[in-house]
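First up is the structure itself, then whatever we jot down about it.
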Amino acid sequence: MYRKLLLTLFLSVLLGVLAACGGSSTDNEQDASESATEEGAEAEGDSDGKVYTVATDNAYVPFEYLDEESGELVGFDIDLITELAKEAGIEIEIETLEFAGIVAGLGSGKFDIGIAGMTITEDRKENIDFTQPYYEAGLILAVTEENANEIQSIDDVDGKVVATRQGSTSQKYLEEETDATPEAFPEIVEAYQNVLAGRADAVLYDLPNVQFYSEKEAGGELITVGEKLTGEDYGIGFPKGSELRDKIDEALTTLKENGTYDDIYEKWFGERPEGT
Ligand code: ARG
């Protein structure tokens, strides 16, 4: 009886210590994304103690990617979801996987939240609930200098091999709106590399990603051509019927109103969004 009490005491002290350790790392803002990526990291819930799983990608500059120096997951989406969770008073844990799996996993209820530069489309809305748009993108075609004469816009891609990412709106666009031969890769970086190596004639993808990659990684060797195509509004996704959607949507409205959204936008895109 006495031993049992001692053991219980010992266990509760141990638990207390563990909880304190967990707490200190999540209290630190700098550590938020890091601790969130540690699988199974125990975080203290503000409200009900539940930790919601956020699915994202790790190779979509500048929305979510691994920082070369620190190896940490960073980006516009990561900052935004971190602030949104704070505003909504919920605890989150970030999980990374390839893009097509995020869309499918939200549909099947495997994740609570998905943020991955994901365009709100009618097709996806059948399986996923979205917030209001949080970023307005569009698709753009890019080529190397050698191909820039021959391919000046989307009207010139028929019969050409155009690289893009699997499961993306660009892949759908190529299949439905052009007579190009789409080549869709699990990672967009492979698509860019194939174009740079001359194995594909062009790449079609979201404008901010193409621009960022072209400037920061490809030393300007990828040139965007033609007009920006289609409206691509990014939304944060949830399994159908999730009651979290309204909470996060409200938090998004607040961050847009109180300037937090604009600050994050400026940090990643170097300017404030239009109209502010
Ligand atoms: N906006 C496009 C789509 O929704 C591409 C998004 C890719 N995002 C990513 N994290 N890889 O299909």
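Dipole check for the stretch 150-276: with +1 at the C-beta of Lys and Arg, -1 at the C-beta of Asp and Glu, and the Cα centre as origin, the magnitude is about 400 Debye. Peptides 142-149, 188-195, 131-138, 240-247 ordered by packing proxy, namely the average of other Cβ atoms within 10 Å per residue, highest first: 188-195, 131-138, 142-149, 240-247.
So how far apart, in nm, are the two label points at E274 and E72 if each is 7 Å from Cα heading toward Cβ? Inter-label distance under the simple model: 3.3 nm.
Restricting the chymotrypsin sites (Phe, Trp or Tyr not before Pro) of the stretch 202-276 to loop positions (DSSP other than H, G, I, E, B) with no more than 14 neighbouring Cβ atoms within 10 Å leaves nothing. Cross-linked pairs K228/K256; K110/K256; K86/K240; K172/K216; K50/K228; K110/K228: Cα-Cα separations exceed 31 Å for K50/K228; K110/K228. Full extension of the chain segment joining E150 with D263 gains 36.6 nm, where the gain is 0.36 nm per residue of separation less the Cα-Cα distance. Exposure proxy for D262, D201: other Cβ atoms within 10 Å of each Cβ, ordered fewest to most, give D262, D201. The residues packed around Q132, meaning those with a beta-carbon under 14 Å from its beta-carbon, carry a net charge of -3 if Lys and Arg are +1 and Asp and Glu are -1.
Averaging the Cα positions of each part gives two centres, and for the stretch 49-88 and the stretch 202-276 these lie 13 Å apart.
What is the percent of Cα-Cα separations in the stretch 118-253 that go past 20 Å? Of all Cα-Cα distances in the stretch 118-253, 47 percent exceed 20 Å.
T119 sits among other residues whose Cβ lies under 9 Å from its own Cβ, and their net charge, with Lys and Arg +1 and Asp and Glu -1, is -2.
Laboratory data are not the source of any read-out in this text; all were calculated from the coordinates shown. The model shown is predicted, which means the values in this text are computed figures rather than measured ones. Virtual Cβ from ideal backbone geometry, glycine too; neighbours counted across all protein chains shown.
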